[in-house]
Amino acid sequence: MDFELSEEQRLLKQSVERLVADRYGFEQRTGYMKEPQGWSRTLWKQYAELGLLGLPFAEKDGGFGGGPVDTMIVMEAFGRALVLEPFLATIVLSGGILRALGNDKQKSELVPKIADGSLILAFAQTERQSRYDLADVVTTAKKDGAGYVLDGTKSLVLNGDSADKLIVSGRISGKQRDKEGIGLFLIDAKTKGVSTRGYQNIDGMRAAEITLSSVKVGPEALIGEPGKAFPTIERVVDEAIAALSAEAVGAMAVMHEVTTDFLKTRRQFGVPIGNFQVLQHAAVDMLMALEQARSMAMLATMMVDEADNVERHKSIAAAKVQIGRSGRFVGKTAVQLHGGIGMTMEYKVGHYFKRAMAIDMLFGDADHHLAMLARTGGLLAAA
Amino acid sequence: MDLGFTGDEVAFRDEVRAFFNQNLPDTIRRKMVEGRKLGKEDIVDWQRILNKKGWAVPHWTKEWGGTGWTPVKQYIFLDEMQQAPAPSPLQFGVYMVGPVIIAFGNEAQKKRFLPRIANIDDWWCQGFSEPGSGSDLASLKTTAKRAGDHYVVNGQKTWTTLAQYADWIFCLVRTNPESKKQQGISFLLIDMKTPGITVRPIQTLDGGKEVNEVFFDDVKVPVENLVGEENKGWDYAKFLLGNERFGIARVGLSKERIRRLKELASIERVGDKPLIEDERFRTKIAAVEVELKALEMTQLRVVAAAKNGDSSKPDPASSILKVKGSEIQQTISELLFEVVGPYGLPYQPEQIDGDRINEPSIGPDYAAPLAPTFFNWRKISIYGGSNEIQKNIVAKAILGL
C-alpha cells in the first residue's frame with residue numbers, strides 16, 4: 001500500500017504543473033475560450049510536445065505506455081487551471097475505446113496523429129433520452145452490404161464541434177436499453193449526412209449535438225465486434241470518471257486555497273474575516289470534503305485496471321458519488337465565503353464552482369451512482 | 001501508487017484474523033455483535049488473552065512490550081480487531097496513560113505501571129474534565145498543593161468513564177495557580193483507594209451508568225506519582241489527545257456495524273419485502289458506505305504517510321479522522337435504531353446487559369440495545385475534544401486561520 005508517486009510520475013507532475021502555471025492563468029484562459037473552437041491549438045501542440053497526448057497509449061502503437069496514475073496527474077493539474085482543451089474527449093474517452101477495441105490498423109493509423117496533436121476525436125455516445133444510461137442507444141446502425149448506415153442524434157458530445165473524427169455508438173440489434181447489440185463506429189466528422197451544432201456549456205467547455213442521417217460507413221469503420229461494445233463503453237466511461245475525479249480534486253483544491261487566502265486577507269469589522277469561527281469551520285468543512293474526494297479519486301484511479309468488472313464499477317461509482325457531493329459542497333461554500341465577489345464573472349472562484357457542478361452532471365450524477373450502488377447491494381456484504 | 005497490501009501484510013492480516021476467530025470468546029463476540037453491555041470481566045479476560053499473545057500493547061516501544069509493527073500492520077491489527085468484532089484493550093491504560101508514561105515518565109514509574117497496564121492488573125480511568133472545564137480544559141480548577149513528600153489534591157473531575165472499576169486515575173491538576181492557565185498544570189497518577197476520593201455515577205440518556213463524578217477531598221498523593229516535570233502537564237495532555245491516529249476513525253467498527261445493519265435489514269420486513277429492498281432505506285445505507293469508503297482511504301493515506309514521517313508527533317489529520325469517523329458512526333447507529341421501526345421504542349435495560357437476560361424480550365430479540373446505543377453514541381462527537389474543537393484545531397494547525 002503506497003500513495004507516493006514514482007520518480008517519473010513526480011517529474012510528469014512537475015512539468016504539467018509548470019506548463020499550466022506559466023500558460024494557463026485565469027486571464028489567459030479567458031483568451032483561449034475566445035478562440036474559434038473554444039480552446040487553444042497552441043497549448044494542444046505544447047501538450048503533444050510534452051508527451052501528454054500519447055501518454056496512455058502503448059509504445060508499440062506510438063504512445064508512451066502510461067497508466068491511470070499518469071492520467072490522474074495530468075487531469076488534476078488540468079483541474080487546477082480549468083483547462084479547456086479536449087484531453088478528456090480525445091485522449092481518455094475516444095483514446096480509451098481505441099486502446100480497448102481498436103485493431104492494429106486503426107491504432108497504427110490514428111495513435112501517432114493523436115499523439116502529435118494533429119487529430120482530434122470525440123465520443124458520440126449519449127442521446128437526448130438516454131440521460132445517464134449508457135445502454136440506452138436509439139441511434140441505429142443497419143447493415144448495408146458490407147458496411148452500415150447510421151441514423152440518429154447524439155447529444156452533449158464533448159468537443160464534438162472540433163473533432164476530426166467521431167466514435168459513434170449505434171444499435172445494431174436489440175431493444176432501446178439492451179446491453180447487447182451496440183456497436184462502435186469510427187467516422188470522419190465531415191462524412192455526408194453528419195451535421196454538427198456546437199455550443200458552449202455553462203463551465204466554458206464545448207460540446208455538440210450531432211445528427212446522423214443515412215450516414216453510410218464501410219466495414220472498416222467498425223471498432224471491435226459488432227454488437228458487443230457495451231462492456232467496453234462502460235469500462236472506458238469508468239476510466240473517464242476516474243480522470244474527471246482527479247480533475248475535480250484539482251478544481252476543489254484551488255477553491256479551497258483561494259477561499260482560505262481570502263479569509264486571511266479580507267477585512268471586515270476591523271479584522272480578517274478568518275478570525276470568525278463560523279467561517280473557520282466552513283473552511284474546515286471544505287477541507288474535509290476535499291480530502292474525502294481526493295481519497296476517492298485515488299481509489300478510482302487505482303481501480304481503473306481492476307480485473308473484476310463489478311468491483312471496478314462499484315468503486316468508481318462510489319468515487320463519483322463522493323466527487324459529486326464534495327464538488328457541490330466545496331463550490332457552494334467557496335462562493336458563499338467570498339460573498340459578493342464570488343458572484344462575479346470576473347473573479348475565478350465561480351468558474352471552478354461551475355466546473356465542479358458540470359463534473360457532477362457528466363456520466364451520472366451522485367444520485368445516479370448512489371442508486372446503482374443501493375440497488376446492487378452496496379460495497380459491504382451483510383453479516 | 002498501489003492500493004494492495006504486500007504479501008507479508010496479507011499474511012499478517014490472515015494471521016491476526018485467524019487469531020481473533022480462534023481466541024475471541026464467543027460470549028464476548030456475541031455481546032459485541034448484538035450491542036449488549038460488556039462486563040468488567042469481559043474486558044479483562046480479553047485483554048489478558050491479547051497480552052498472553054503479546055498483542056495488548058503493540059504500539060508501545062519494544063522495551064515495554066510493543067511489537068515493532070509498521071504503521072500499516074498497526075492499522076491492519078486495529079481494523080481486524082474492530083471487525084472481529086472484539087473489544088479494544090482498555091483505552092485509558094493502553095492508549096492514554098501508557099504512552100504518556102513511556103514518553104515522559106521515569107524508570108521507576110515505567111517498571112511499576114507499564115506491565116500492569118498491559119495485563120490490565122490495574123484498571124485506569126481518566127481525570128481531565130471538570131464541571132467548569134469541558135472544551136476549555138485548561139481552565140481546570142482541581143488543585144494539588146505540595147506538602148513535603150506529597151501533594152494534597154482537592155477538587156472534582158467528571159465524565160470519568162468506568163471509574164467504578166478503576167484502581168488508578170490519571171489527573172490533570174493545577175500545581176501553580178499564579179501562572180498562565182496552561183502553564184500551571186501537572187499530570188498526576190492517583191491510587192483510587194486513597195482516602196478522600198468519592199465516586200458518584202452519572203446516568204447517561206441511554207440509561208447507562210458508565211460515567212461518573214470523582215471528588216477529591218484532601219487526597220494525599222506521593223510526589224513520586226508526578227509524571228514528568230511539574231507544570232508541564234498540559235504538554236503531556238496534548239500528546240495524549242493527539243497521538244491516536246490509527247484507531248480514532250474506527251473504520252473497522254463501522255464496517256462491522258454496516259454488515260450488522262444489512263443483516264437486520266434483511267430480516268425486518270416492510271410490506272411484502274425485506275427492508276433492505278426498500279429504495280429509501282437501502283439508499284441511506286449506500287450513502288454511508290460511500291462516506292466510509294472515503295474515510296478508509298483517508299485513513300490509509302494517513303497510515304501510509306506515517307511510514308515516512310515521525311509518528312510520535314500528533315498529526316492534525318487525526319482531527320479530520322475523528323470528525324468524519326464520529327459522523328459516520330452516529331449515522332450508522334441511527335440507521336440501526338430505524339431498522340427495527342417501532343420496536344426501537346420499548347426500553348429494556350435488562351436485555352442490554354448481556355449477563356442479566358432471563359426473560360424473553362419485547363419484540364425481536366435484537367431490538368433492545370439499538371436505541372440506547374444510538375443515544376449513547378452521541379458522545380462520540382463530544383468526547384476527546386468535541387467536533388467543534390477539532391475544527392478549531394484544523395483551522396489553526398492546517399489552514400493557519
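Quick note: the coordinates plus some simple rules give every number you see, no bench work behind them. This one's a predicted model, so the numbers in the text were calculated from it and none came from an experiment. Here Cβ is always computed from backbone atoms with ideal geometry, including for glycine, and neighbour counts include all displayed protein chains.
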For this session: For the range B:1-68 and the range B:349-366, write down the distance between their C-alpha centroids in whole Å.
Result: 28 Å
Exercise. Using r as the Cβ-Cβ distance of A:Q129 and A:S214, and R0 as 25 Å, what FRET efficiency do you calculate, to the nearest 0.05?
Worked result: 0.75
Exercise. Under 5 Å between amide H atoms, partner at least 5 residues away or on a different chain: which partners does A:L222 have, H built in plane at 1.01 Å?
Worked result: A:L186
Exercise. How would you classify the range A:231-375 from its alpha-carbon gyration tensor, with a ≥ b ≥ c the square roots of the eigenvalues: rounded for a/c under 1.5, else prolate if a/b is greater than b/c, otherwise oblate?
Worked result: prolate
For this session: Return the sequence-ordered ³J(HN,Hα) values of the range A:306-321 in whole Hz as given by the Karplus equation 6.51 cos²θ - 1.76 cosθ + 1.60 applied to θ = phi - 60°, using x for Gly and Pro.
Result: 4, 6, 6, 4, 5, 4, 4, 4, 5, 4, 6, 4, 4, 4, 5, 4
For this session: Rounded to the nearest 500, what is the 222 nm mean residue ellipticity of chain A from helices alone, with -39500 (n - 2.57) per DSSP H run of 4+ residues and division by all residues?
Result: -16000 deg cm²/dmol
Problem set entry | FRET efficiency, B:D355 to B:Q182 (Cβ-Cβ, R0 51 Å, nearest 0.05) | 0.70
Exercise. For the Cα atoms of chain B, what angle does the longest principal axis make with the long axis of helix B:40-53, in degrees from 0 to 90, nearest 10?
Worked result: 80 degrees
Exercise. Each residue of the range B:81-97 in order: what ³J(HN,Hα) in whole Hz does its phi give by Karplus 6.51 cos²θ - 1.76 cosθ + 1.60, θ = phi - 60°, with x for Gly and Pro?
Worked result: 4, 5, 7, 3, x, 10, x, 6, x, 4, 3, 5, x, 6, 9, 9, 6
Exercise. D for the range B:7-89, whole µm²/s, Stokes-Einstein with Kirkwood Rh over alpha-carbon pairs at 20 °C and 1.002 mPa s: what number?
Worked result: 163 µm²/s
Problem set entry | Nitroxide proxy distance, nm - points 7 Å out along Cα→Cβ at B:R280 and B:K209 | 4.0 nm
Exercise. So, in Å, what gap is there between the alpha-carbon centers of the range B:136-198 and the range A:69-147?
Worked result: 68 Å
Problem set entry | Exceeding the 28 Å Cα-Cα cut-off - candidates A:K165/B:K293; A:K34/A:K142; A:K190/A:K228; B:K62/B:K232; A:K264/A:K348; B:K293/B:K379 | A:K165/B:K293; A:K34/A:K142
Exercise. Once every DSSP H run of n ≥ 4 in chain B is given -39500 (n - 2.57) and the sum is divided by its residues, what mean residue ellipticity at 222 nm do you get, rounded to the nearest 500 deg cm²/dmol?
Worked result: -14000 deg cm²/dmol
Exercise. So, in nm, how far is label B:E229 from label A:S195 when the simple model puts each one 7 Å beyond its Cα toward the Cβ?
Worked result: 8.4 nm
Problem set entry | Label-to-label distance, nm, for residues given as A:K60 and B:Q22 (7 Å Cα→Cβ offset) | 4.8 nm
Problem set entry | Residues A:K228 and A:L5, FRET efficiency given R0 of 45 Å [Cβ-Cβ distance, rounded to 0.05] | 0.80
Exercise. Taking the alpha carbon gyration tensor of the range A:122-226, what are the square roots of 5 times its eigenvalues, largest first, to the nearest whole Å?
Worked result: 22, 16, 10
For this session: Would you kindly calculate the mean projected area, averaged across all directions, of the convex hull enclosing the Cα atoms of chain B, in square nanometres?
Result: 21.3 nm²
For this session: Work out Dmax and Rg for chain A from the C-alpha atoms and quote the Rg first, both in angstrom.
Result: 21.1, 79
For this session: Can you tell me what the convex hull of the Cα atoms of the protein assembly as shown projects to on average, as an area in nm²?
Result: 37.1 nm²
Exercise. Under a Cβ-Cβ cut-off of 14 Å, what is the net charge of the residues other than B:D278 that fall near it, where Lys and Arg count +1 and Asp and Glu count -1?
Worked result: +2
